[in-house]
Every structure is written in C-alpha cells, then in structure tokens.
1. Using the structure shown, decide if LYS63 is outside the structural domain of SER152 (by TED's automatic domain parsing), closer than 30 Å to GLN309 by Cα and touching a strand residue (DSSP E or B) at 6+ places or on another chain (Cβ under 6 Å).
2. Just checking, does segment 10-17 include any residue being free of Cβ contacts under 8 Å to residues at least 24 places away in the same chain and either outside the structural domain of THR293 (by TED's automatic domain parsing) or not small (Gly, Ala, Ser) (or both)?
3. Scan segment 150-183 for residues that are surrounded by fewer than 24 Cβ atoms within 10 Å (Cβ to Cβ) and of a type outside the set (A, V, I, L, M) and report the count.
4. Applying the selection to segment 133-164, what residues are touching a strand residue (DSSP E or B) at 6+ places or on another chain (Cβ under 7 Å) and of a type in the set (A, V, I, L, M)?
5. Scan segment 292-320 residue by residue and report those that are of a type outside the set (Lys, Arg), crowded, with 18+ Cβ neighbours inside 10 Å and under 16 Å from the mean Cα position of the chain (by Cα).
6. Among what's in segment 41-56 and is at pLDDT below 95 and closer than 21 Å to THR116 by Cβ, pick the residue that is surrounded by the fewest Cβ atoms within 10 Å (Cβ to Cβ).
7. Is it true that SER174 is touching a residue at least 60 places away in the same chain (Cβ under 8 Å) and within 24 Å of TYR86 (Cβ to Cβ)?
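The values are calculated or read from the model by the stated rules, or taken from the named source; none is laboratory data. Treat the numbers as computed from the prediction; the structure is a model and nothing was measured. Don't worry about glycine lacking a Cβ; one is built from the backbone with ideal geometry, like all the others, and counts go over all protein chains shown.
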Amino acid sequence: MKAIRVHSFGDPQTMQLEDIQSQQPAGSQILIEVKAIGVNPVDTYIRAGVYPALPNLPYTPGKDAAGIIAAVGPDVKHHKVGDRVYCCDSVSGSYAEQTVCDQAHVFALPDNVDFTSGAAVGVPYSTAYFGLFYRAHTMPGETVLIHGASGSVGLAALQLAKANGIRAIGTAGSDEGLELIKQQGAIAALDHRVEGYLDAIEGLTCGQGVNVVLEMLANINLQKDLDALAKFGRVVVIGNRGTIEINPRATMGKNASIMGMAIVNATHKQLASMHSAIHAGLASGTLNPVISTELPLSKAAESHERVMQPGAKGKILLLP
C-alpha cells in the first residue's frame, strides 16, 4: 500500500510517499481502509522533532482519518468489517491508504456525514470539546472567547458552543476568516490584526469580561486573555509556540485560572463520552466540519506548510 514515511526529523520535505507492506490488526485493533485524512498542527511538530513524545524512525505521520473497516482484531466487540468510521489516533499513522487504530480511538460515522467531513472530526472536535467542557467546565449562558477561531479547532469550538447555549466571540486574522466565524454563529468576530481589538469585549459582555478563553497561541495572547477575563474566569491553553512574560497579578483579583490541556491526556471513558455527544451533533447537523483544502496524499509536504500558515479557514485534508 501507499503511505507517507519519515526517515529523519526535519522540514516537510522529509515526508516521502512509499510502498510499504499492509498491516493486520491484533487484539483490540482495527484496520481502516482510509478515504480521507485530517492534517493537524501536532503532525508538524512531531515531524520536525520538537514534540515531547516522538515515534521511532521511520514512521508514518497522522492521527485523523475516516474510512471503512477492512478487518478487526479478535478482541474487538463493537465494530465490524464494513462499518463507516473515523479515528482520532492511529497506531500505524493515518497518512496512508490503510491505518491501524486501537478500538478506543475509532468511532462510528453517521450516515449523513461523508468521509471528508469525518476526517475533519477527530482531533479538532475532541480537542475543542475537552477544552470547553472537561477543562473549563463551560456552562450554558457563559461567554467564551476563542482566540484563533477560524482554524479547525476554533471552528469546532464555535459550533459546540452554539449547540450548548454558550455565547462565543471569535478572533481571526483575515477577512475570509472573520466572515467564516460570523457564519458559524459567533456573536462577534474580532480582527486580531487591529490594535486594541479586544476593547470590544467590555461592550459585548456588559462590562463583565469573558468567562472562558480558548487560546490557540498563548505565547502571543496570554496576557491579553487574562485582562479580558471576568471574575472566576478560566484560560485554557490549547496551542503555544514559544515563551511569554505575564503579570500574575492579573489572576489574583479575579480568582482566575490558567490551565493547559492535551487531548492525549483524555481517558478512554472521556473519549467515549465526548464522541457520543459529537456523534449526536454530526447526525443532527448542529456540528458540521468546515473543509478548506483537499490535497492528494503525495502533497503531504504542502499540507504541512499550509497548516502552519496564518489566516486559517477550516480543515486541511489529504486524499489517498
């Protein structure tokens, strides 16, 4: 089968399309015939060799995919050959014509959702859900600021907020991204290219500030986030690319919290619960992944360059 392989950590060109031997699932594993692949920023950090946990070389990148189950291991109980599914992690890597996953990371794809949309669900929607509800414990009626809302995680968070009675304010750095945020139900779209763009928060929240911030670039925005919080507000750090100096006093008078998150820390029970809710949203149409770009698998290097560029407008996919 065809698969992307990385033989040394480095720039995007280290990824090469190769012929490798197909694998068979063992134990609780599932083999998926891949129809579409989701590209995530974390894939680029691993490929570059800067992620805390690195795979043994050579390896196939990728966590997200959607497709049809081709085979199951002897311990798989709730999936069968022929099922339409998506995954949010992969044992063998998802940038391939087939991928092996543990059954804990494989979920049914509703009949009304195509494979391209399914490939956009795994990491973005589970990350957004985990940040909103398991880390920040956001409640209906609260207001969330999503810093970087036009990316795949930000858009997932917007849709989840709207579906659960949470007011969402989104930021973006392009006219197309700002328009997309409005279309997805944000009460306001703020242009983070403009100085003082967060001054609008006071009017949008009746002077109270936001209850929660989902932060995609903490090394740029963390101090601004703290200043925008209401009393007892929470900042969830989802993305970061460097260091920042903050004034901790900004947390004190508000009893504010700064918390990190990584979806790899979610338990199997938490994953099952959140993806049950995500499945219901996909089936009802309240959750609808936004696809920005589809590329052939051979263009994996280009996909990694695009996913790290500013001005995101949804999910980037690879098609085997």
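1. no
2. Yes, some residue in segment 10-17 is free of Cβ contacts under 8 Å to residues at least 24 places away in the same chain and either outside the structural domain of THR293 (by TED's automatic domain parsing) or not small (Gly, Ala, Ser) (or both).
3. Residues that pass the stated criteria total 12.
4. Result: ALA136, VAL144, LEU145, ILE146, ALA149, ALA157, LEU158, ALA161.
5. Within segment 292-320, SER292, SER303, HIS304, VAL307, ALA312, GLY314, ILE316, LEU317, LEU318 qualify.
6. In this case the residue turns out to be PRO41.
7. For SER174, the condition - touching a residue at least 60 places away in the same chain (Cβ under 8 Å) and within 24 Å of TYR86 (Cβ to Cβ) - is not met.
Let's see how each residue does on (1) assigned to a helix (DSSP H, G or I); (2) aliphatic (A, V, I, L, M):
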site	(1), (2)
ASN219	yes, no
LYS231	no, no
ASN247	no, no
ALA250	yes, yes
MET259	no, yes
